[in-house]
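The values are calculated or read from the model by the stated rules, or taken from the named source; none is laboratory data. As the structure is a computational prediction, the values presented were derived from the model and not from experiment. Cβ coordinates were reconstructed from backbone atoms using ideal geometry, including for glycine residues, and neighbour counts include every protein chain displayed.
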């Protein structure tokens with residue numbers, strides 16, 4: 001009989017090996033996303049900031065692209081238009097952004113930062129940057145750079161698969 005070894009997930013088969021699930025990129029990416037979300041939420045909440053990671057992404061893009069329309073914002077943060085509309089609803093309710101009807105296309109809504117949004121984004125940015133370092137702190141700088149390069153490459157390939165649907 002083989003000794004049973006335990007992984008960080010407390011799972012091992014009878015031979016002490018990780019099951020196939022724990023070698024699947026999809027499972028590992030999901031677990032990393034869960035960890036990154038928990039770190040983001042913990043750091044932002046501890047700082048007393050009421051902001052989700054998607055709201056942070058939206059504010060960041062609106063600040064960098066004043067007057068961006070909701071459709072382009074949805075594309076920029078990789079969310080569908082309906083979800084992005086809900087995110088903007090919540091940011092607008094908090095007084096962080098305002099929507100204006102586009103003068104040339106009345107169906108389009110242009111997004112602009114309000115002072116409260118600028119203040120919140122300014123306060124949240126260093127907290128979020130710190131959270132990013134916590135997410136990868138078990139890796140060396142070289143490993144972090146490699147992981148980020150490979151994740152970017154995988155996301156780009158995945159984006160093509162999504163676009164093909």
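Report whether or not residue 71 is modelled with pLDDT under 95, under 27 Å from residue 154 (Cα atoms) and assigned to a helix (DSSP H, G or I).
Values: modelled with pLDDT under 95: yes; under 27 Å from residue 154 (Cα atoms): yes; assigned to a helix (DSSP H, G or I): yes.
Yes; evaluated as a whole, the condition is true for this residue.
Taking first residues from region 69-90 that are loosely packed, with under 12 Cβ neighbours inside 10 Å and partners that are outside any helix (DSSP H, G or I), no Cβ contact under 8 Å between residues at least 6 apart in sequence or on separate chains turns up. Screening residue 116 on (1) more than 20 Å from the chain's Cα centre (by Cα); (2) outside any helix (DSSP H, G or I) shows it passes everything except condition (2).
Yes/no matrix, rows are residues, columns are (1) under 20 Å from residue 129 (Cβ atoms); (2) under 14 Å from the mean Cα position of the chain (by Cα); (3) at pLDDT below 95:
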position	(1), (2), (3)
23	no, no, yes
34	no, yes, no
44	yes, yes, no
47	yes, no, no
61	yes, yes, no
79	no, yes, yes
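So is residue 151 part of a helix (DSSP H, G or I), surrounded by 12 or more Cβ atoms within 10 Å (Cβ to Cβ) and either in contact with a strand residue (DSSP E or B) (Cβ under 9 Å, 6 or more places away or on another chain) or at positive phi (or both) or not? No: the conditions fail for residue 151.
On the stretch given as region 95-106, residues that are touching a residue at least 24 places away in the same chain (Cβ under 8 Å) and surrounded by 15 or more Cβ atoms within 10 Å (Cβ to Cβ) total 3. In region 38-58, which residue that is touching a residue at least 40 places away in the same chain (Cβ under 8 Å) and part of a loop (DSSP other than H, G, I, E, B) is farthest from residue 118 (Cα to Cα)? Among them, the one singled out is 47.
Taken as a whole, the condition of being under 30 Å from residue 28 (Cβ atoms) and not in a helix (DSSP H, G or I) applies to residue 79. Scan region 90-111 for residues that are over 11 Å from residue 69 (Cα atoms) and in contact with a strand residue (DSSP E or B) (Cβ under 6 Å, 6 or more places away or on another chain) and report the count. Result for region 90-111: 3.
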